[in-house]
1. Kindly count the pairs of lysines across segment 192-346 whose alpha carbons are less than 25 Å apart, treating pairs on different chains or eight or more residues apart as eligible.
2. What is the dipole size for segment 258-346, taken about its Cα centre, with +1 at each Lys and Arg Cβ and -1 at each Asp and Glu Cβ, in debye to the nearest 20?
3. Counting just the Cα atoms, what span does segment 1-189 cover along each of its three principal axes? Round to the nearest Å and put the largest first.
4. Scanning the chain for helices, which whole DSSP H stretches are 27 Å or more long along the axis (Cα) and average -1.0 or more by Kyte-Doolittle?
5. Would you mind working out the magnitude of the charge dipole of segment 119-194 relative to its Cα centre, with +1 at each Lys and Arg C-beta and -1 at each Asp and Glu C-beta, to the nearest 20 Debye?
6. Taking only DSSP H segments of four or more residues, each worth -39500 (n - 2.57), what value at 222 nm results for the chain once the sum is divided by all its residues, to the nearest 500 deg cm²/dmol?
7. Any idea what the relative contact order of segment 131-229 is, in percent, if you count C-alpha pairs under 8 Å spaced at least 6 apart?
8. About its Cα centre, how strong a charge dipole does the chain have in debye, to the nearest 20, once Lys and Arg get +1 and Asp and Glu get -1 at the Cβ?
Amino acid sequence: MTEVNNTQRKKDNRPVVIWLLSGCFLIFIMVVVGGITRLTHSGLSMSDYKLITGTILPIGQEEWEEAFELYKQYPEYQKLNSHFTLDDFKSIYFWEWLHRVIGRFIGMVFIIPFLYFLIRKQLTRPTIKKSLVLLALGAFQGFLGWYMVKSGLIDRPDVSHYRLAMHLTTAFITFAFTLWVALDLIYPERQKNEKGFRNLLITTLMVLVAQIVWGAFVAGLDAGFVHNHWPLMSEGKLIHETVYTEQESFLMNFVEGKSGVQFIHRYLAYVVVALIGVIFYKGKKRVLTSQQRSGINALLTLVFLQFALGIFTLLSQVPVWLGVAHQAGAFLLLSAMTFTLHRFSK
């Protein structure tokens, strides 16, 4: 009887799981397009926010000219892109427009099925609470996107790297939480696990999130275009002197200086690799389920892939395709980390 109930519960949850995993996929696409938007310097091309009319590209010469004239009123055009033609403007406008449209589409994908499942009573009370958190995270993410863009429309031709980090990190957290909720439905059972090993996974996740934050700092400050050497920061130097001299305050070097921010991102990468290496080593000594073993193996594979992508991105001075691949790699690594931690949770 219990087996029948479990089968029925999984059957009832299937549409909900598909909904949540579809949301995960769309957030991944959103982050990839966001990376292209950032690397092509397209994020400030749409200088206003229109919830409804903003979902349609300008139609005809007159509307395009109007959008271009609005762009000309802001620092990015005045200080960096005064040479732009209308065709140049169209090329950057497209990516920011696509990024925003996907964001609106994700909102609909989360809200409409949620209401449907709520009316059909296909959501348990815990899932309803988690879904409300997801909706709140999505709304907050939308606010952060515009809050970030606004920082580049005042007196500087670029967005605040702090706001960029908040926007990107919230996207990653929203994705991880969405995946976690889906995994709760896919794998309702729990196994007893050693507390120490689970704490190692939690610590690694925290370091990985910190690495993602500093990766956003690197992107926001264009810090990937300096010190394009590896393993040394420059010829003959393990640590370049600008790491601690670029800013007046020593500590500010590591959150606002290009060299200091890149330094943190470089060496946190070694820490992430080392921690996942320890997870793999300790995991080999334990009796694990196939899911747990698959999660740990995926972690090891993806962390080395991501490490290699980071090196090639740096040595190549951040070409768009490698920069986007590196960001996608971080996303996949976080996915594996979330899955593995879930399989070792209480």
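1. 12
2. Using only the charged Cβ atoms, the result is roughly 440 debye.
3. 73, 35, 21
4. Working: long enough: 2-39 (53 Å, 0.51); 86-119 (48 Å, 1.03); 125-150 (38 Å, 0.65); 161-186 (37 Å, 1.17); 195-221 (39 Å, 1.44); 258-284 (39 Å, 0.83); 290-315 (38 Å, 1.13); 320-343 (35 Å, 0.99).
Sorted by number, the helices that extend far enough and score high enough are 2-39, 86-119, 125-150, 161-186, 195-221, 258-284, 290-315, 320-343.
5. It works out to roughly 400 debye.
6. Working: 11 runs with 248 residues, N = 346.
Calculated mean residue ellipticity at 222 nm is -25000 deg cm²/dmol.
7. Numbers: 53 pairs, mean separation 34.4, N = 99.
Relative contact order here is 35 percent.
8. Value, rounded to 20: 2480 debye.
Bear in mind these aren't lab numbers, they're just calculated from the coordinates by the rules spelled out. Just so it is clear, the structure is predicted and the values come from calculations on it, not from any experiment. Cβ coordinates were reconstructed from backbone atoms using ideal geometry, including for glycine residues, and neighbour counts include every protein chain displayed.
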